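Trainee: Provided herewith is a single structure, encoded as structure tokens, for subsequent inquiry.
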Amino acid sequence: MPNDESSPALPRVVVTLPAALVNLFPGSARRVEVSATTVGDVMDALDSRWPGMRDRICDSTPGIRRHVNVFVEGERATLATRLAPGAEVMVMTAISGG
Amino acid sequence: MARRVLILVGTKKGVFIIESDAERRSWKLRGPFCETWPMNHVIADPVTGTIYGGGGNEWFGPAIWKSTDMGATWTHSSEGLAYQAGEAPIKAVWSVAPSAGRLYAGVEPAGLFRSDDGGQSWQHIAGLRNHPSRPDWQPGGGGLILHSLVPHPNDDGQLWVGISSAGVFHTADGGETWEARNRGTRADFLPEGQKYPEYGQCVHCLVMAPGMSAPLYQQNHCGMYRSRDGGRHWDSIEAGLPSTFGFPAAVHPRDPATLYLLPLNGDSAGRYVPDGKAAVWRTRDSGDKWEALRGGLPQENAFFGVLRQAMGTDRLEPAGVYFGTNTGTLFASADEGDSWHCIAQYLPAIFSVETLVVEA
């Protein structure tokens, strides 16, 4: 599992990404470990490692995109949601399209 | 030197590239590209050969895709392609146009962006959304979209845009200030006495013929028009056509008086080709007279439409003309529209058709 070494002082969390997102960023992976205390930190870490990934998950309102959901320990989250050390963060595509 | 032509097809489910030699008798299809994203407009910069695709994915938002190797590999970016926090976020890119080393992108909700580094990063041209008419802009059936981008061929400060349904706007100072240019175009959907407003018309497609003092043409929700003064005044050219409604318009690559339209049967009648019989309509005199081109096109039980960016021409001689249907069929003519062949079918709904001619 790829590790983010950029902020070793912050707690580590595990992030799961949807395949349709991973396909857009060569070298990315379905499970990633990053240092973060909020979901917003997770976005920063992902964007730092794969530039542009935040824009695929978040829009300019700012917030998580309408048809993307982020769950923390099974609960639907926002960018402000705080993360406990070792938290499981799941980024999922919602039902959409046609 | 031998040449080959690439038809760049944006669809509801990705980009396809269909290729032939200059004879244009046999075609080979590649795709889908761009991870099957809905791609509203795919173009090529004729100077560099770089292909750009603008689209938007319901999950992941808007992006400009780019290929520098004729579609073999693609990258994407939306860096800077955003409005300020608190505004409705951008859903999709609807149009892309190169001009003088720059790239322009029109988006939904309607706005204009510019890239000076080949599509890697984007800057908002805020002047357009600062136009005093903006609070009144109403979405058309496809949304509030900036779908037509027409850079001036010799003056990189000038640009025309078409917004549904705000109308045509022109800048002469690189986007700082804008002027509505809709005089003479109708808005049949407004009450009597208000049918010729300053702005708010539903332009469907805006194109400029080749040449220094070339006319502008537009297919509107309510009629077809020509302007010989940069859009300050528009004249109706719908007489002789089977309806006043359609989406695409395409100009001949060398003759500014030759224009192709594909009228549909009306905005509330199904938006099919009239009577279930497909025809491209051609004028050779800037819209005074029209002829129906039906050779090789289905003449019974055809119930498709053609969307606003789904017709184009190539720059070969004689010029090729192409259109794609909302039912996923692509038709081609290698003789300026006199005869047609189906060159691809069973594709996803076709949103755009553009061409690139390269040396083999």
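We did not get these values from a lab; they are worked out from the coordinates using the rules stated. Fair warning: this is a prediction, and the values are worked out from it, not measured in the lab. Note that we place each Cβ from the backbone using ideal geometry, even for glycine, and neighbour counts take in every protein chain shown.
Trainee: Every residue in the range B:163-196 that is within 20 Å of the chain's Cα centre (by Cα), of a type in the set (S, T, Y) and closer than 21 Å to B:S99 by Cα, please.
Mentor: B:T171
Trainee: Need at least 1 residues that are of a type in the set (A, V, I, L, M, F, W, C) and on the phi > 0 side of the Ramachandran plot per element, so show me which strands (runs of 3 or more DSSP E) inside the range B:186-256 make the cut, counting only ones lying wholly within it.
Mentor: none
Trainee: In the range B:65-95, which residues are of a type in the set (G, A, S) and either at positive phi or touching a His at 6+ places or on another chain (Cβ under 6 Å) (or both)?
Mentor: Those that are of a type in the set (G, A, S) and either at positive phi or touching a His at 6+ places or on another chain (Cβ under 6 Å) (or both): B:G71, B:G80, B:G86, B:S95.
Trainee: Also, quick follow-up: Can you tell me which residues in the range B:243-267 are more than 16 Å from B:H204 (Cβ to Cβ) and not hydroxyl-bearing (S, T, Y)?
Mentor: Within the range B:243-267, B:H252, B:P253, B:R254, B:D255, B:P256, B:A257 meet the criteria.
Trainee: While we're on this one: List the pairs whose first member sits in the range A:28-39 and is without any contact (Cβ under 8 Å) to a residue 40 or more places away in the chain, whose second member is charged (D, E, K, R), and whose Cβ atoms are under 7 Å apart, counting only residues at least 6 apart or on separate chains?
Mentor: A:E33/A:D4; A:E33/A:R12; A:V34/A:D4; A:S35/A:D4; A:S35/A:R12
Trainee: Looking only at strands (runs of 3 or more DSSP E) that fall completely inside the range B:1-41, which ones have 1 or more residues that are within 12 Å of B:A360 (Cβ to Cβ)?
Mentor: B:3-11, B:14-21
Trainee: How many of the residues making up the range B:15-39 are over 14 Å from B:G55 (Cβ atoms) and either touching a strand residue (DSSP E or B) at 6+ places or on another chain (Cβ under 7 Å) or among the hydroxyl-bearing types (S, T, Y) (or both)?
Mentor: Summing the residues that are over 14 Å from B:G55 (Cβ atoms) and either touching a strand residue (DSSP E or B) at 6+ places or on another chain (Cβ under 7 Å) or among the hydroxyl-bearing types (S, T, Y) (or both) in the range B:15-39 gives 12.
Trainee: Among the listed residues B:P62, B:P46, identify the single one that is away from chain A (no Cβ under 14 Å), of a type outside the set (V, I, T) and at negative phi.
Mentor: Exactly one of B:P62, B:P46 is away from chain A (no Cβ under 14 Å), of a type outside the set (V, I, T) and at negative phi, namely B:P46.
Trainee: Considering the range A:66-80 alone, what residues qualify as being more than 12 Å from the chain's Cα centre (by Cα) and of a type outside the set (A, V, I, L, M)?
Mentor: Correct list: A:R66, A:H67, A:E73, A:G74, A:E75, A:R76.
Trainee: Another question, then. Give me a count of the residues in the range B:62-117 that are part of a loop (DSSP other than H, G, I, E, B), touching a helix residue (DSSP H, G or I) at 6+ places or on another chain (Cβ under 9 Å) and surrounded by 19 or more Cβ atoms within 10 Å (Cβ to Cβ).
Mentor: Of the residues in that region, 4 qualify.
Trainee: Got at least one residue in the range B:255-274 being in contact (Cβ under 8 Å) with a residue 60 or more places away in the chain and within 19 Å of B:P151 (Cβ to Cβ)?
Mentor: no
Trainee: Would you tally the residues in the range A:33-57 being more than 14 Å from chain B (Cβ to nearest Cβ) and touching an Asp or Glu at 6+ places or on another chain (Cβ under 7 Å)?
Mentor: Qualifying residue count, the range A:33-57: 5.
Trainee: Still on this structure, please answer the following. Return the pair list, or none, for Cβ contacts closer than 8 Å from residues in the range B:290-302 that are free of Cβ contacts under 8 Å to residues at least 12 places away in the same chain to residues that are of a type in the set (S, T, N, Q) and part of a strand (DSSP E or B), at least 6 apart or on different chains.
Mentor: Correct list of pairs: B:E291/B:T283.
Trainee: In this structure, is B:T171 under 22 Å from B:D116 (Cα atoms) and either of a type outside the set (A, V, I, L, M, F, W, C) or touching a helix residue (DSSP H, G or I) at 6+ places or on another chain (Cβ under 7 Å) (or both)?
Mentor: So B:T171 passes the test.
Trainee: Follow-up. For the range A:40-54, enumerate the residues that are outside any loop (DSSP other than H, G, I, E, B) and touching a residue at least 12 places away in the same chain (Cβ under 8 Å).
Mentor: Within the range A:40-54, A:G40, A:D41, A:V42, A:M43, A:A45, A:L46, A:S48, A:R49, A:M53 qualify.
Trainee: Related question: Consider A:P62 against the criteria (1) over 13 Å from the mean Cα position of the chain (by Cα); (2) more than 22 Å from B:L81 (Cβ to Cβ); (3) without any contact (Cβ under 8 Å) to a residue 40 or more places away in the chain: it satisfies all of them except one. Which criterion is unmet?
Mentor: So A:P62 meets the others, but not (2).
Trainee: Ok, one more. If we keep just the residues of the range A:8-27 that are within 14 Å of chain B (Cβ to nearest Cβ), assigned to a loop (DSSP other than H, G, I, E, B) and in contact (Cβ under 8 Å) with a residue 60 or more places away in the chain, which is surrounded by the most Cβ atoms within 10 Å (Cβ to Cβ)?
Mentor: Step by step, filter the range A:8-27, then rank; the result is A:L17.
Trainee: Moving on to the next point. Output the residue which, of all residues in the range A:71-91 that are touching a Ser or Thr at 6+ places or on another chain (Cβ under 8 Å) and crowded, with 16+ Cβ neighbours inside 10 Å, is farthest from the other protein chains (Cβ to nearest Cβ).
Mentor: A:L83
Trainee: Would you check if there is a residue in the range B:73-91 being touching a strand residue (DSSP E or B) at 6+ places or on another chain (Cβ under 6 Å), closer than 24 Å to B:L307 by Cα and more than 10 Å from chain A (Cβ to nearest Cβ)?
Mentor: no
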